[in-house]
Amino acid sequence: MDNWDEIKTAYQVARMGTVSGAADVLGVHHATVIRHIDALEARLEVKLFQRHARGYTATEAGEDLFRVAKATDDQFSQLVGRIKGRGADVSGDLVVTSLTSLVPRMVPILTEFQRENSDVVIRYLTGARLFRLEYGEAHVAIRAGSPPAQPDNVVQSLAHQRMGLYASRRYVEECGLPKDWSQCSGHRFVGTNNDQSRAPFNRWLREKAPDIVFSFRSDEDRAIEQAILNGAGIGFAAVLEARANPDLVEVFPQEEEWSAPLWLVTHVDLHRTTKVQAFLTFLKRAAKSWDTSNNV
């Protein structure tokens, strides 16, 4: 096959299930994705996808092609990741991924690291999606909860993500605060849109107060934080950021069950490179100030 771009595009459509999803991954317009699929199917004279209202599903012929395409794409991704991280200089792309809730503390660190290493270009990826280090999607990942168990990853403890229950002063003026959990039924709460969230504080809240009323829900951590700050209700926020905001009031004392460990994750192929080691050292030093346990 003489056009790898078309195969790569079709593979991403099969992986993501939609044209828009593939377009986002590839960084191209959705019309380009459709054009590549149509051209590839015309060249092969076979349908690679079944089109339906929810997206695209690979046909049997498509599955055969995409198995080979996946193996090839994986090999290319690993090669690119190794090349980008190789060398004795701290230069080139540095791709870091974390939860959105860590944005306020990560951006200053990343900015300062780039200032001290002017040949580095920072790419900061956030969200709930787990970017795959083994495919070169990121050099460094910061993850919360149980330690990641992928065999080719190097996992190190970074800090503790301590969470507290907060309300804005505006909310307190309008609604007051509950004195204990038995008084929460008359209050509004802000929380995640995911009823199965594995975050320790969300699990704890489901068990402790299953009947509370959520007046505002979102899949985005930053949206939840802004909703709390704007008086939508009571909700969980990171202690480090909340204590720096005079408009937030702590509702109840922190519970240890609300917090979760943060892990530094790198792939074994890139872990020892100069660039990655320089950033890990820089981040660990900066993260020492994240521990709020002495101020609880």
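Anything in the stretch 224-238 that is modelled with pLDDT of 90 or more and either surrounded by fewer than 20 Cβ atoms within 10 Å (Cβ to Cβ) or within 23 Å of the chain's Cα centre (by Cα) (or both)? List them, or say none. If the condition is that a residue be modelled with pLDDT of 90 or more and either surrounded by fewer than 20 Cβ atoms within 10 Å (Cβ to Cβ) or within 23 Å of the chain's Cα centre (by Cα) (or both), then Ile224, Glu225, Gln226, Ala227, Ile228, Leu229, Asn230, Gly231, Gly235, Phe236, Ala237 are the ones that fit. Could you look through the stretch 109-128, keep only residues that are under 21 Å from the mean Cα position of the chain (by Cα) and in contact (Cβ under 8 Å) with a residue 60 or more places away in the chain, and pick out the one that is surrounded by the fewest Cβ atoms within 10 Å (Cβ to Cβ)? Of everything passing the filter in the stretch 109-128, Ala128 is surrounded by the fewest Cβ atoms within 10 Å (Cβ to Cβ). Remark: pairs (first residue in the stretch 218-229, under 12 Å from Asn194 (Cα atoms); second residue among the hydroxyl-bearing types (Ser, Thr, Tyr); Cβ separation under 6 Å; 6+ apart in sequence or on different chains) = Asp221/Thr100; Asp221/Ser101. Of the set (1) within 30 Å of Phe279 (Cα to Cα); (2) at pLDDT below 85, all apply to Thr111 but (2).
Picking from residues in the stretch 129-142 that are open to solvent by 60 Å² or more (accessible area, probe 1.4 Å) and within 17 Å of Leu264 (Cβ to Cβ), the one that is farthest from the chain's Cα centre (by Cα) is Arg132. The residue list Asp119, Asp152 contains one member that is touching a His at 6+ places or on another chain (Cβ under 8 Å) and within 26 Å of Val276 (Cβ to Cβ), which is Asp152. Out of the stretch 1-26, which residues are among the charged types (D, E, K, R) and in contact with a helix residue (DSSP H, G or I) (Cβ under 7 Å, 6 or more places away or on another chain)? Within the stretch 1-26, Asp5, Glu6, Lys8 meet the criteria. Taken over the stretch 43-63, residues that are assigned to a loop (DSSP other than H, G, I, E, B) and more than 29 Å from the chain's Cα centre (by Cα) amount to 5.
Within the stretch 258-280, at least one residue is out of contact with any Lys or Arg (no Cβ under 6 Å at 6 or more places or on another chain), open to solvent by 70 Å² or more (accessible area, probe 1.4 Å) and in the same structural domain as Glu112 (by the TED database).
The values are calculated or read from the model by the stated rules, or taken from the named source; none is laboratory data. Small disclaimer: the values here were computed from a predicted structure and weren't measured. Note: ideal-geometry Cβ built from the backbone for every residue, glycine included; neighbour counts use all protein chains shown. Only protein heavy atoms, including side chains, enter the accessible area calculation; ligands, DNA and RNA are left aside. Shrake-Rupley method; radii C 1.70, N 1.55, O 1.52, S 1.80 Å.
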